[in-house]
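Student: Sharing a structure below in structure tokens format, with a few things to ask.
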Amino acid sequence: MARFYRYRLPPWARYCLLVCERCTLPIMIFQALRTIFIPTTFDIFLLAICIGIFLAFYLKWI
């Protein structure tokens, strides 16, 4: 099975991936602040998903 390689994607898909990668940190910070002030189950679940996506980008899994 071939490994996923982001640079083989079309330019528009690489650009979308880059935009998503750049937007994850501000969204994660906003969600963390929201979870601190108004903690609900949904907020905690959403923060966990944001952290997972951020780590996937940071560790080059995506």
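The values are calculated or read from the model by the stated rules, or taken from the named source; none is laboratory data. On a predicted model such as this, the values are computed, not experimentally measured, just so you know. Ideal geometry is used to build each Cβ from the backbone, glycine not excepted, and the neighbour counts take in all protein chains shown.
Student: Being free of Cβ contacts under 8 Å to residues at least 60 places away in the same chain and more than 11 Å from the chain's Cα centre (by Cα) is the requirement here; does Arg34 meet it?
Tutor: Details: free of Cβ contacts under 8 Å to residues at least 60 places away in the same chain: yes; more than 11 Å from the chain's Cα centre (by Cα): yes.
Answer is yes for this residue.
Student: All but one of (1) modelled with pLDDT of 90 or more; (2) touching a helix residue (DSSP H, G or I) at 6+ places or on another chain (Cβ under 8 Å) hold for Tyr7; which doesn't?
Tutor: The number of the failed condition is (1).
Student: Continuing with this model, one more query. For segment 53-62, name all the residues that are surrounded by fewer than 11 Cβ atoms within 10 Å (Cβ to Cβ) and of a type outside the set (A, V, I, L, M).
Tutor: Passing the criteria: Lys60, Trp61.
Student: Could you please give the count of residues in segment 10-48 that are surrounded by 11 or more Cβ atoms within 10 Å (Cβ to Cβ), closer than 26 Å to Lys60 by Cβ and among the basic types (Lys, Arg)?
Tutor: Number satisfying all stated conditions: 1.
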